[in-house]
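The structure appears below as structure tokens.
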Amino acid sequence: MFIFIKEIERVEKINSTMSNEIENKVTTLHTKPKGTITSSFGTPGRINHDSSKFYESKLYEGVKTESKTKYIENDVPEEYLNKIFCKSSERMEELADNSIHLMITFPPYNVTKEYDDNLTLTEYRQLLKNVWEETLRVLVPGGRACINVANLGRKPYIPLHSYIIEDMHEIGLLMRGEIIWNKASSASPSTAWGSWLSAANPVLRDVHEYILVFSKDTFSRSRGKKENTVTKEQFLEWTKSVWTFPAVSAQKIGHPAPFPEELPHRLIQLYSYKSDIVLDPFVGSGTTCLAALKDNRNYIGYDIEPKYVQLAEQRISNYKNQLQLL
């Protein structure tokens, strides 16, 4: 009997130990991983990361940061939705304050192309700044502005993207980041390499452009009852800061400086909800508007050149006609 009791006690002890081990494992599985924090030597991974130490550093003194802003969204009249205006976007009086969710554009180069006015750099920056100020006015709180820009020249190099960043900061937009569009082998071939096989004057040949991304007042934007349309795979790939896809032929589109539909498509999926309103203040061949339509968004465009407004409307009309045939 004594041996039997001892055996029972031994089995109970084993069961108790196993129970504790299982409980500990379950607790570990359900315990939230300990968050990382900003450290002197960086952080190899970021899980529930606390970056307050970084943002409270002197580096951010005097830098405009997001503010607590009441969300306001005003309606755009029905007759202005999905319409391209043949006029300057320096004054978009058709649009109320806080009425646009996303702006995507590729401003004119100002390098004596047929649609350029051959402005001085100061005049060109002022033209763009006038449009950016109007964009700031019409964006909803948390609304995004995305600008595709290529830098120019070599003697000296004109970093247009840095001037645009400076001007956007000055008028009060918050910068979210920049995307490098790697055009790779589709970039225009160039033999302008300066001194061939010599250190005398080798010249860089650009195969990239910039996509600058900004927000109004705050980095977040209320979703309400609206629907996200970006997929998991798209989100994981497109939140990387380098995008690689080919450019498109100017002859094929019929505009001196078109950008591929993939560019606004990705921005629309990342930065807007279904049925949002997308603005392009330099509409050109209408690629942003066409991408918005295909992605179930509304669009509004502006351009001062009647033939490009006609081109954009024709491309949109062709797409609608194709849908009717399906």
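Numbers below:
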| item | result |
| --- | --- |
| Lone qualifier among 192, 200 - being outside any helix (DSSP H, G or I), out of contact with any Ser or Thr (no Cβ under 8 Å at 6 or more places or on another chain) and at pLDDT 90 or above | 200 |
| Any hit, the range 143-150, residues being at pLDDT below 95, more than 30 Å from residue 276 (Cβ to Cβ) and over 13 Å from the mean Cα position of the chain (by Cα) | no |
| Pick from the range 286-311, criterion among the hydroxyl-bearing types (Ser, Thr, Tyr) and farther than 14 Å from residue 261 by Cβ, ranking: surrounded by the fewest Cβ atoms within 10 Å (Cβ to Cβ) | 308 |
| Looking only at the range 268-285, and only at residues there that are out of contact with any Asp or Glu (no Cβ under 7 Å at 6 or more places or on another chain) and in contact (Cβ under 8 Å) with a residue 60 or more places away in the chain, the one that is nearest to residue 219 (Cα to Cα) | 271 |
| Residues located in the range 220-230, provided they are within 16 Å of the chain's Cα centre (by Cα) and either at pLDDT 95 or above or among the basic types (Lys, Arg) (or both) | 221, 228, 229, 230 |
| Failed criterion for residue 144 (all others in (1) surrounded by fewer than 16 Cβ atoms within 10 Å (Cβ to Cβ); (2) among the basic types (Lys, Arg); (3) within 28 Å of residue 129 (Cβ to Cβ) hold) | (1) |
| Qualifying residues in the range 253-308 (those that are acidic (Asp, Glu) and under 14 Å from residue 83 (Cβ atoms)) - the one modelled with the highest pLDDT | 280 |
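The values are calculated or read from the model by the stated rules, or taken from the named source; none is laboratory data. Everything quoted here is computed from the prediction, not taken from an experiment. Please note: Cβ atoms are built from the backbone with ideal geometry, for glycine as well, and neighbour counts cover all protein chains shown.
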